[in-house]
Amino acid sequence: MAIVGIGALGSRVAEDLARAGVGRLRLIDRDWVEPSNLHRQHLFDESDAENEEPKALAAAHRLAAINSEIELVPELRDLGPDNADDLLSDADLVVDGTDNFQTRYLLNDFCVREGKPWIYGACVSTQAMVAPFLPERACLRCLFPEPPPASAAQTCETAGILPPAAAIVTALQCALALRILATDSLPAAELLTADVLSGELRTMRLLEAPSDACPACQRRDFPALALGSQSRTKKLCGRNAVQLSAPAGECLPLEALAARLVDFAPELSSYMLRITVPEARITVFPGGRAIVQGTEDEGRARALFDRYVGS
């Protein structure tokens, strides 16, 4: 199975499923561990944050020590239309550990197209939300044909996350995952919500059958999977950072790029290259994807990357 996003949700789901003995876990995450993660991401510790370990790799290292009999496949990549087939095609089940609707709609479109089950999960502030989406049932687009505008949704940056909210989400996601993987009893089409401060729990029935108006289920239209459908820049929630997608065409290997940037004292490892410049810190990954820290302005991030690394 695949877990997309190894943060507050994905790291807990991965640990519980590894302890339960799920035989193969593909761990997909684009980012590294930071001190601000540690209050809600239990697989990581201060040494991971100090060394800025990629989350997927740090998680795989910890999980291997917990259960050496399972297969772990860490992927330091950003899931997108160009790599969804490569990353998700062999998964029996996909678990959502992401923090944005853009990626959730990509998961939905891919799983509807391929007939795979996936488990939605989200938490913000004190709220927890979980729902299973199964083949031949209503999908996310049946309920909400388009993602909400960014201005209409709370985020971890604007509202924070209380750690018990993440714990509830992941407990429910793991229970659903084990039920789907190990039993013949499929979960009901329900959205489960909880408020960890008030103690209020709610269950909302979802559509059982696909909507006649659903573009994905009925018309087989999957806009989130179209190449070029995602912005080439993404502001990262609560990070004062912007991610730049890998450019089309060939990219220099990290070693060659480090040689070209020698004046900036590059920090090079097998999985990333980092330089610090007066205005920002720029991290480049194999293939050309980059994260520019020090600004939330997407245009400025692109300009800084082009100035110091090259377009």
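The values are calculated or read from the model by the stated rules, or taken from the named source; none is laboratory data. Note that the structure is predicted; figures quoted are calculated from it, not measured. Note that each Cβ is placed from the backbone with ideal geometry, even for glycine, and that neighbours are counted across all protein chains shown.
Pairing each residue of region 160-181 that is modelled with pLDDT of 95 or more with any residue that is in a helix (DSSP H, G or I), provided the two are 6+ apart or on different chains, yields C-beta distances under 6 Å for Thr170/Arg12; Thr170/Val13; Gln173/Val13; Cys174/Val13; Cys174/Asp16.
Taking the numbered list (1) surrounded by fewer than 17 Cβ atoms within 10 Å (Cβ to Cβ); (2) more than 20 Å from Gly5 (Cα to Cα); (3) in contact (Cβ under 8 Å) with a residue 40 or more places away in the chain in turn, Glu200 passes all entries but (3). All of (1) within 24 Å of Met272 (Cα to Cα); (2) among the basic types (Lys, Arg); (3) touching a strand residue (DSSP E or B) at 6+ places or on another chain (Cβ under 9 Å) hold for Arg40 with one exception: (1). Selection over region 182-210 of residues that are farther than 24 Å from Pro164 by Cα and over 27 Å from the mean Cα position of the chain (by Cα) gives a count of 3.
Scan region 238-257 for residues that are closer than 23 Å to Glu34 by Cβ, surrounded by 15 or more Cβ atoms within 10 Å (Cβ to Cβ) and not β-branched (Val, Ile, Thr) and the total you get is 8. With respect to the conditions (1) polar (S, T, N, Q); (2) part of a loop (DSSP other than H, G, I, E, B); (3) surrounded by fewer than 20 Cβ atoms within 10 Å (Cβ to Cβ), Ser36 lacks only one, and its number is (2). Tell me, which residue of region 257-292 that is modelled with pLDDT of 95 or more and of a type in the set (S, T, N, Q) is nearest to Ser245 (Cα to Cα)? Filtering region 257-292 for residues that are modelled with pLDDT of 95 or more and of a type in the set (S, T, N, Q), the one nearest to Ser245 (Cα to Cα) comes out as Thr283.
Quick grid of which residues meet (1) part of a loop (DSSP other than H, G, I, E, B); (2) touching a Phe, Trp or Tyr at 6+ places or on another chain (Cβ under 7 Å); (3) crowded, with 21+ Cβ neighbours inside 10 Å:
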{"residue": "Val22", "(1), (2), (3)": "yes, no, yes"}
{"residue": "Ser47", "(1), (2), (3)": "no, no, no"}
{"residue": "Glu52", "(1), (2), (3)": "yes, yes, no"}
{"residue": "Ala64", "(1), (2), (3)": "no, no, no"}
{"residue": "Ser68", "(1), (2), (3)": "yes, no, no"}
{"residue": "Val73", "(1), (2), (3)": "no, no, no"}
{"residue": "Leu87", "(1), (2), (3)": "no, no, no"}
{"residue": "Asp92", "(1), (2), (3)": "yes, no, no"}
{"residue": "Phe110", "(1), (2), (3)": "no, no, yes"}
